[in-house]
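Here's the structure, in structure tokens; my notes come after.
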Amino acid sequence: MNDKKINKPSSTGRFGKFGGKFVPETLMSSLEEIEIAYEKYSKDKSFLEELSSLQNDFIGRPTPLYFAKNLSKNLNQKIWIKREDLAHTGAHKINNAIGQALLAKRLGKKRIIAETGAGQHGVATATACAMLNLECIVYMGEEDIKRQAPNIYRMEMVGAKVVPVISGSKTLKDAVNEAIRDWVTNVESSYYIIGSAVGPHPYPYIVREFQSIIGIESRQQILEKTGKLPDYVLACVGGGSNAIGIFSGFIDDENVSLIGVEASGEGVETEKHAATLTKGTPGILHGSLSYVLQDDFGQIQEAHSISAGLDYPGVGPEHSNLKDIERAQYYSATDKKALEGFKMMSIEEGIIPALEPAHALGFLIDWAKEIPKEKTILFLLSGRGDKDLETVSKKMATL
């Protein structure tokens, strides 16, 4: 777990002015129970030993830090890739799913609820539940189910029940809504494993801490391999769990620039984007105050992205605070740029990325030309692209 304290939330669960708990009274005692349990078990030797064992032997940590020789040569930069695509289940989501599933088991909860967009958190949670002998129900938007069919099969194969969500835009936001409804109804028997660094306190903090293993490993690995810290840390941002995981390892290092890349869909000048930190304003979504996409009346707007995992009209409160205090900079990349990044990584390095980190790769293509040459860039490849091949092949054909 992360020892850095500069970004620990306040006693009320706030990162600056962002965060907090905006939930029905029914859930308040459950949130307090989770917070107390996490504070207890995050210092408990047997819990930490079991978590460490699963990280090493089940997830396959540490994941490699890989020097992208071809990409570095073509972009005139020194690009190191943190390979979370090589973690068990193919993405960073398993880090948090395992941690929270262990916490749920300690609390005596045997029924697990989860939401998923791209399906990676659903797969990770279903996998963790299978291994720990827990019941698993995953809510997923009908539109995302169409886009991510392989992950549906994976979840069902390990015993999870996938519940299609047909309300609203039928994507991640609506899946979260349904998961919360289930939780309110079954609060005594169920534990809700939120997949990103969003939601009411203590979830953004807990998710960040379970994902901080990425930042801890990355920091140690790049120091061992280069003898110095990177100039830039680059990651995609939807809800923000992968980015906050790696940012946490460098957040106290003022000389390391933290760069997050959102999905701008068909362009931030259109209404079809998911660039929350670029175009959003502070508001309440899913129990937390953060930047959200909303109209003049505070109604949440629909988000759009070619990537199911970035198709969310909100963002974690810690990212909102990092933006406001200017500790991190946030940019965006269109669907088209994401496809360029997807193709570039595949051809240059023989690594097929997920569409989520492909946005950061698409941004990197032009951004690398604007910064001084030969800078060290630490890029987080948060997941692999098997799940996106059908989407990409169809979209590539139209370009």
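The values are calculated or read from the model by the stated rules, or taken from the named source; none is laboratory data. Computed from a predicted structure; not experimentally measured. Positions of Cβ are generated from backbone atoms using ideal geometry, with glycine treated the same way; all protein chains shown enter the neighbour counts. When the accessible area is computed, the model is the full protein with side chains, heavy atoms only, and any ligands, DNA or RNA have been set aside. Shrake-Rupley method; radii C 1.70, N 1.55, O 1.52, S 1.80 Å.
For the chain, what is the accessible area per residue in Å² when the probe is 1.4 Å?
Each residue of the chain exposes 39 Å² on average to a 1.4 Å probe.
Between Phe67 and Gln299, with labels modelled 7 Å along Cα→Cβ, what's the label distance in nm to one decimal, could you check?
Result for the modelled spin labels: 5.5 nm.
Please give the length that would be gained between Phe58 and Glu224 if that part of the chain were fully extended, namely 0.36 nm times their separation in residues minus their C-alpha to C-alpha distance (nm, one decimal).
Contour length minus Cα-Cα distance gives 57.3 nm.
If I measure Cβ to Cβ between cysteines in the chain, which ones have no partner under 4.7 Å?
Cys236
What 222 nm value per residue comes from the helices of the chain, counting each DSSP H run with n ≥ 4 as -39,500 (n - 2.57) and dividing by all residues, nearest 500 deg cm²/dmol?
Calculated at 222 nm, the ellipticity per residue is -13500 deg cm²/dmol.
Would you pull out the residues with amide H under 5 Å of Ser332's amide H, same chain only if 5 or more places away, H placed 1.01 Å from N?
Amide H neighbours of Ser332: Glu262.
In the range 111-259, carbon and sulfur make up what percent of the accessible area (probe 1.4 Å)?
Carbon plus sulfur share of accessible area: 50 percent.
Within the chain, what percent of beta bridges assigned by DSSP are antiparallel, to the nearest 5?
Around 30 percent of the beta bridges assigned by DSSP in the chain are antiparallel ones.
Mind checking which helices in the chain clear 27 Å along their axis (Cα) and have mean Kyte-Doolittle hydropathy of 1.0 or more, DSSP H runs only?
Qualifying helices, which must be both long enough and hydrophobic enough, do not occur.
Any chance you could tell me what percent of the C-alpha pair distances in the chain go past 41 Å?
When every Cα pair of the chain is considered, 6 percent fall beyond 41 Å.
If you find the alpha carbon centre of the range 102-136 and of the range 329-358, how far apart are they in angstrom?
Between the Cα centre of the range 102-136 and that of the range 329-358, the gap is 29 Å.
Hey, if you put +1 on the Cβ of every Lys and Arg and -1 on every Asp and Glu Cβ in the range 207-333, which of Ser290, Ile246, His319 ends up farthest toward the positive end of that dipole?
The residue sitting most towards the positive pole is Ile246.
Given springs between every Cα pair under 10 Å in a Gaussian network model of the chain, which of Gly245, Gly260, Gly60 has the largest fluctuation?
So, out of Gly245, Gly260, Gly60, the one fluctuating most is Gly60.
Evaluate the Debye formula for the range 75-134 with equal point scatterers sitting on the alpha carbons, no solvent, and hand back log10 of I(q)/I(0) at q = 0.21, 0.26 Å⁻¹, in q order, two decimals.
With no solvent term, the Cα-only Debye profile gives -0.77, -1.04.
Lys343 accessible area, nearest 10 Å², 1.4 Å probe?
110 Å²
Run down the aspartates and glutamates and flag those whose C-alpha is under 17 Å from the C-alpha of Lys82, throwing out any fewer than 8 positions away in its chain.
Candidates past the 8-residue exclusion: Glu217, Glu224, Asp231, Glu348, Glu349, Glu356.
Based on the Kirkwood radius over alpha-carbon pairs, what is the Stokes-Einstein translational diffusion coefficient of the range 1-133 at 20 °C with 1.002 mPa s viscosity, in µm²/s?
124 µm²/s
What are the residues whose amide H is under 5 Å from the amide H of Arg61, where those residues sit 5 or more places off or on another chain and H is modelled from the backbone?
HN-HN under 5 Å from Arg61: Asn56.
Can you tell me the order of 199-210, 324-335, 127-138, 283-294 when each peptide is scored by its average per-residue count of other Cβ atoms within 10 angstrom, highest first?
The peptides rank, most packed first, as 199-210, 283-294, 127-138, 324-335.
Report Ser46's accessible area, 1.4 Å probe, all protein chains in place, as a number in Å² to the nearest 10.
Ignoring ligands and nucleic acids, Ser46 comes out at about 70 Å².
Can you list the lysines whose alpha carbon sits under 26 Å from that of Lys110, skipping same-chain ones fewer than 8 residues off?
Lys21, Lys40, Lys43, Lys45, Lys93, Lys161, Lys173
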